[in-house]
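One structure is given below, encoded as structure tokens.
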Amino acid sequence: MKILVGILAMLLPAMAWAHPGHGGSGFVNGLAHPFSGLDHILGMFAVGVWAARNGGAKGGFVLAAFLGGMLAGGLIGMDGMLPSFLESAVAASVLASALLVALAVRLPLQAQAAAAAFFALWHGIAHGSELPAMAAPLGYACGFLLATALLLAGGMIVGKLLRGRERDRRFLGAGMAALAASLFWV
């Protein structure tokens, strides 16, 4: 029952939905932004939980690939590439990452890193397109990447805590997937 109440509470606030309105630029705003959108929290946290299956440096490699994909996407977005399906791609990447946890998908390390980078690419494009208009884009980008790393690490920690408890990990993934699916209706 507590889980259901928590899920419903997360669905209520309008600020939980992704990209409209960021309220400023600079390091502090970049650091705060990933914690203000359900797409960021779920997507990055899920990738961290999924990466924890690898353990040690291998899991860190997947997280580094995600950060690299975010950075690459940011550069693409700064260059003006903004596909019309971008918000759907972000939502799909969040849903896919949660489903990978729920279904306990195991991939070779390189394929897992490539998937993580691909998921991050869409988030990066969305935010990279906003950077040129900001007063302090470099600070924002640095704060954003640090917050992303913290969310990934949080997921990795939870994933490690759930090691050996596959049913609980799958249940967590299913809950994240249900929330991620709601991103398509916003």
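The values are calculated or read from the model by the stated rules, or taken from the named source; none is laboratory data. Remember, predicted model here, so these are calculated numbers, not experimental data. We place every Cβ from the backbone using ideal geometry, glycine too, and count neighbours over all the protein chains shown. Heads up: the accessible areas ignore ligands, DNA and RNA and are worked out on the full protein's heavy atoms, side chains in. Shrake-Rupley method; radii C 1.70, N 1.55, O 1.52, S 1.80 Å.
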Quiz item: At F27 and A72, where each label point lies 7 Å from the Cα along Cα→Cβ, what is the point-to-point distance in nanometres?
Solution: 2.8 nm
Quiz item: By how many nm would the segment from A133 to R170 grow when fully extended, if each residue of separation counts as 0.36 nm and the alpha-carbon distance is taken off?
Solution: 9.2 nm
Quiz item: Once phi is turned into θ = phi - 60°, what whole-Hz ³J(HN,Hα) does the Karplus curve with 6.51, -1.76 and 1.60 give for every residue of the stretch 176-184, x standing for Gly and Pro?
Solution: 5, 5, 5, 5, 5, 4, 5, 5, 6
Practice problem: Express in Å², to the nearest 10, the accessible area of V105 obtained by rolling a 1.4 Å probe over the protein heavy atoms while all chains stay in place. | Solution: 40 Å²
Self-check item: With DNA, RNA and ligands ignored, accessible area of I41 (1.4 Å probe; Å², nearest 10)
Solution: 50 Å²
Quiz item: What do you reckon, how do F27, F45 stack up by accessible area (1.4 Å probe), largest on top?
Solution: F27, F45
Quiz prompt | Ratio Rg/Rh, restricted to the chain and using Cα atoms, in which Rh is the Kirkwood radius | solution = 0.96
Quiz item: When the accessible area of the chain is computed with all protein chains present and a 1.4 Å probe, what percentage of it is carbon and sulfur?
Solution: 74 percent
Quiz prompt | Positive-pole candidate from G173, G77, F118, dipole of the chain, charges at beta carbon | solution = G173
Self-check item: Cα point-scatterer Debye curve for the stretch 47-114, base-10 log of I(q)/I(0) at q = 0.16, 0.19, 0.25, 0.27 Å⁻¹
Solution: -0.61, -0.81, -1.13, -1.20
Quiz item: Say R0 is 30 Å: what FRET efficiency, to the nearest 0.05, do W185 and C142 get from their beta-carbon distance?
Solution: 0.35
Quiz prompt | Gained length - K58 relative to L150, 0.36 nm times residue gap less alpha-carbon distance | solution = 31.4 nm
